[in-house]
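This report concerns only the one structure given below.
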Amino acid sequence: MSDDRPLTRKTRRRLDRAARDRLIAEIAAAAPDEYPPARRDDIDLSEEAAEITSDDAGTVELGEAAQPLDPEGTTPAEPSRESPRESDRQDQDTAPPAPSAEPLPMPGRSWPRLASIPVDAGHLERNLIITATRHDPAHGAFDVLRTRLVRTLAEHDWKRVAITSPTRDCGKTFTAVNLAISLSRYETHRTILMDMDMRNPSVATVLGVDDPGSIGNFLRGRTGVTEAFKRLGRNALNIGTNLAVAMNERVESYAAELLQAPETAIALSRMMDELDPDIVLYDLPPALAFDDVIAFKDHFDGILMIIGGGQTRPDEVHEAMRRIGEDVPLLGVVLNQAEADDAMAYSYGY
């Protein structure tokens with residue numbers, strides 16, 4: 001993909017209501033019942049998502065932990081919980097120190113030290129990041145997805161979500177960035193988005209960052225957390241500063257090998273300790289294109305599968321989950337009927 005290609009909205013391939021329902025039914029029939037959790041629901045992110053009623057939205061769930069929307073059709077209130085960071089600080093203030101023990105580093109200590117990146121509203125809108133400006137009413141579907149995901153992760157004490165698709169051009173980066181920005185408006189949650197698609201990195205292009213650095217160098221331990229991660233700066237769009245992003249500009253020829261290397265496990269553990277996130281979103285390559293998702297499966301708690309309306313076949317969803325493994329929870333299937341912008345189109349060369 002050429003970075004200087006003009007950003008223009010592509011023609012959207014759309015499904016009518018009947019075709020969409022048939023596709024969902026075929027995917028449900030193709031997916032075996034053993035995939036945990038047992039319940040797998042589909043979320044439509046087309047422009048028609050703006051027409052979601054309270055009855056319809058109440059059936060859009062991620063796993064058994066999801067709760068129905070209230071009768072007014074509004075999103076359920078954010079789960080309240082005492083911040084573990086505050087309780088940790090209180091414990092440390094009141095507990096007497098061990099006579100000979102070295103003080104432990106404070107979890108999340110590096111978060112305030114992260115540099116910020118500017119937020120360009122016009123650039124985000126041109127790249128179809130609809131949850132930023134919220135001009136497109138379909139952003140409401142991402143808010144529903146956000147709430148269901150937060151509840152499901154909290155129910156199972158999970159944090160790490162892999163976002164992938166069976167094949168290319170399904171809109172997984174479109175979904176990952178929109179979901180991350182929607183999550184940023186939960187003030188009590190720290191969210192991290194990592195561009196782990198080292199075959200075709202695109203998060204930096206979508207966000208309009210010119211010098212994102214190398215995610216490979218971070219995974220190899222050559223750069224630290226405060227160099228690899230950036231927070232979104234203060235802005236007029238109400239995008240929270242509790243969103244940190246690790247971007248990439250370098251294609252890795254041996255991405256799968258790097259993803260399962262011991263150095264990667266060490267780097268991710270350091271990230272979890274220094275930033276203490278509540279939710280981590282990994283934007284990974286398409287599951288049927290390479291073995292990257294399989295190589296990385298020890299580092300995520302569940303899968304969010306993105307499928308392209310009018311493009312993805314039910315057998316491709318089935319094969320993608322078979323390769324990943326039936327032991328990996330399928331958190332949800334997102335039906336994205338709108339094609340992504342050129343900035344997010346894949347060019348793997350096959």
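Roll a 1.4 Å probe over the protein chains and send me the accessible area per residue for segment 136-276 in Å².
Values: 4790 Å² over 141 residues.
Roughly 34 Å² per residue, with all protein chains present.
Could you give the dipole magnitude of segment 114-189 about its Cα centre, charging the beta-carbon of Lys and Arg +1 and that of Asp and Glu -1, in debye to the nearest 20? All intermediate terms of the calculation are to be shown ahead of the outcome.
Numbers: 10 positive and 8 negative charges, 36 e Å.
About 180 debye.
Which order do peptides 173-185, 318-330, 134-146 fall in by mean Cβ count within 10 Å, highest first?
On the way: 173-185: 25.8, 318-330: 16.8, 134-146: 20.2.
The packing order, highest mean first, is 173-185, 134-146, 318-330.
Once the Cβ-Cβ distance between Asp298 and Asp211 is put in as r, and R0 is 25 Å, what FRET efficiency do you end up with, to the nearest 0.05? Present the calculation step by step, with values, prior to reporting the outcome.
Details: r = 31 Å, r/R0 = 1.24.
Computed FRET efficiency for Asp298 and Asp211 comes out at 0.20.
State the extension gain, in nm to one decimal, for the chain segment bounded by Arg270 and Ala121, taking 0.36 nm per residue of separation less the distance between their alpha-carbons.
Values: separation 149, 0.36 × 149 = 53.64 nm, distance 3.22 nm.
Computed gain between Arg270 and Ala121 is 50.4 nm.
Residue by residue through segment 136-146, what is 3J(HN,Hα) from phi via Karplus (6.51 cos²θ - 1.76 cosθ + 1.60, θ = phi - 60°)? Round to whole Hz and write x for glycine and proline.
3J(HN,Hα) across segment 136-146, in whole Hz: 7, x, 5, 4, x, 5, 5, 5, 5, 4, 4.
Given a Förster distance of 51 angstrom, what is the FRET efficiency for Arg109 paired with Ala18, based on the Cβ-Cβ distance and rounded to 0.05? Could you put the intermediate results ahead of the total?
Values: r = 54 Å, r/R0 = 1.06.
For Arg109 and Ala18, the calculated efficiency is 0.40.
Given H placed on each backbone N at 1.01 Å, which residues far from Gly224 in sequence or on other chains put an amide H within less than 5 Å of it?
Result for Gly224 returns nothing.
In whole Hz and in residue order, list the ³J(HN,Hα) couplings for segment 267-275 that follow from phi through the Karplus curve 6.51 cos²θ - 1.76 cosθ + 1.60, θ = phi - 60°; x for Gly and Pro.
So the J values, rounded to whole Hz, are 5, 5, 5, 5, 4, 4, 6, 6, 9.
Simple spin-label model, 7 Å along Cα-to-Cβ: Asp291 to Glu227 in nm?
3.0
Counting pairs of alpha carbon atoms under 8 Å apart in space and at least six apart in sequence, what relative contact order in percent does segment 200-292 give?
Working: 92 pairs, mean separation 29.4, N = 93.
RCO, segment 200-292: 32 percent.
Could I have the simple spin-label model distance between Glu187 and Arg220, label points 7 Å from Cα toward Cβ, reported in nm to one decimal?
Reported label-point gap for Glu187 and Arg220 is 4.3 nm.
List, in order, the whole-Hz ³J(HN,Hα) value for each residue of segment 154-161 obtained from phi through the Karplus relation with A = 6.51, B = -1.76, C = 1.60 and θ = phi - 60°; use x for Gly and Pro.
Going residue by residue, I get 5, 4, 9, 6, 9, 9, 9, 10 Hz, with x marking Gly and Pro.
How large is the dipole of segment 190-241 about the Cα centre if only Lys and Arg carry +1 and Asp and Glu carry -1, each at its Cβ, rounded to the nearest 20 debye?
Working: 7 positive and 5 negative charges, 42 e Å.
The calculation lands at about 200 debye.
For Glu319 and Arg134, compute 0.36 nm times the residue count separating them, minus their Cα-Cα distance, and round to one decimal in nm. Write down the numbers at each step before the final one.
Working: separation 185, 0.36 × 185 = 66.60 nm, distance 3.52 nm.
Here the segment from Glu319 to Arg134 would lengthen by 63.1 nm.
Highest first, please rank the peptides 212-221, 262-271 by the mean number of other Cβ atoms sitting within 10 Å of their residues.
Values: 212-221: 19.9, 262-271: 15.9.
Top to bottom by mean Cβ count within 10 Å: 212-221, 262-271.
Taking amide hydrogens as modeled 1.01 Å from N in the peptide plane, which residues meet the under 5 Å criterion relative to Val280, leaving out close sequence neighbours?
Excluding prolines and chain starts, which carry no amide H, the hits are Arg160, Val161, Ile192.
Please name whichever of Pro166, Ala141, Thr188 sits farthest to the positive end of the charge dipole of segment 125-244, dipole taken about the Cα centre and charges placed at Cβ: Lys and Arg +1, Asp and Glu -1.
With unit charges placed on the Cβ atoms, the residue in question is Thr188.
Taking amide H atoms as placed 1.01 Å from N in the peptide plane, list the residues 5 or more away in sequence, or in a different chain, whose amide H sits under 5 Å from that of Val334.
Here the answer is Ile43, Met305, Ile306, Ile307, since their amide H atoms fall under 5 Å of that of Val334.
The values are calculated or read from the model by the stated rules, or taken from the named source; none is laboratory data. The structure displayed is predicted, hence computed values, not measured ones. Neighbour counts are summed over all protein chains in view; Cβ atoms, including those assigned to glycine, are modelled from backbone coordinates with ideal geometry. Surface areas here come from the heavy atoms of the whole protein model, side chains and all, with no ligands, DNA or RNA. Shrake-Rupley method; radii C 1.70, N 1.55, O 1.52, S 1.80 Å.
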